1. Hey, how many Å between the Cα centroid of the stretch 57-86 and the Cα centroid of the stretch 1-52?
2. State, as an integer percentage, the relative contact order of the stretch 4-75 based on alpha-carbon contacts under 8 Å between residues 6 or more apart.
3. Only one of the values (1) 1.04; (2) 1.24; (3) 0.95 was calculated from this structure for Rg/Rh (Cα atoms, Kirkwood Rh); name its label.
4. Report, in deg cm²/dmol and to the nearest 500, the calculated mean residue ellipticity at 222 nm for the chain, where each DSSP H run with n ≥ 4 adds -39500 (n - 2.57) and the sum is divided by the residue count.
5. At 7 Å along the Cα-to-beta-carbon direction for both residue 68 and residue 10, put a label point, then send me their distance in nm to one decimal.
6. Starting from the Cα gyration tensor of the stretch 37-86, take the square roots of the eigenvalues, sort them a ≥ b ≥ c, and report rounded, prolate or oblate (rounded when a/c is under 1.5, otherwise prolate if a/b is larger than b/c, else oblate).
7. Anyone know which of 51, 17, 70 comes out most mobile in the 10 Å Cα GNM of the chain?
8. Can you work out the PRE-style zone for residue 28? Point 7 Å along Cα to Cβ, and I want the residues of the stretch 56-86 with backbone N under 17 Å.
């Protein structure tokens, strides 16, 4: 079974920021990028909450706009392994 570090690591969150930037280059992903620096001592559940909270800060308030960004990010082949459900 993969460890928390393998599933949600600094590298995977940094990769997520790259994919989100590609999906929505006009947006800033500062909270998501910052969450990558706070993962070291967190368990898997805490890591997922940290990334979730950061996404809620950085995504637009509009569901439709957020969904379009997430859909574009999920379609990007550069999305970190295991994050797409493919």
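Coordinate-derived values only; no laboratory data. Note that this is a predicted model, so its numbers are computed, not measured. Here Cβ is always computed from backbone atoms with ideal geometry, including for glycine, and neighbour counts include all displayed protein chains.
1. 13 Å
2. Numbers: 60 pairs, mean separation 28.0, N = 72.
Worked out over the stretch 4-75, it gives 39 percent.
3. The value computed from this structure is option (3).
4. After summing the helix terms and dividing by residue count, I get -18000 deg cm²/dmol.
5. Taking the simple label geometry, residue 68 and residue 10 are separated by 3.5 nm.
6. Values: a/c = 2.70, a/b = 1.31, b/c = 2.07.
Oblate shape, in that a/c is at least 1.5 and b/c is the bigger or equal ratio.
7. Judging by the Gaussian network model, the answer is 70.
8. Only 56-61 pass the distance filter.
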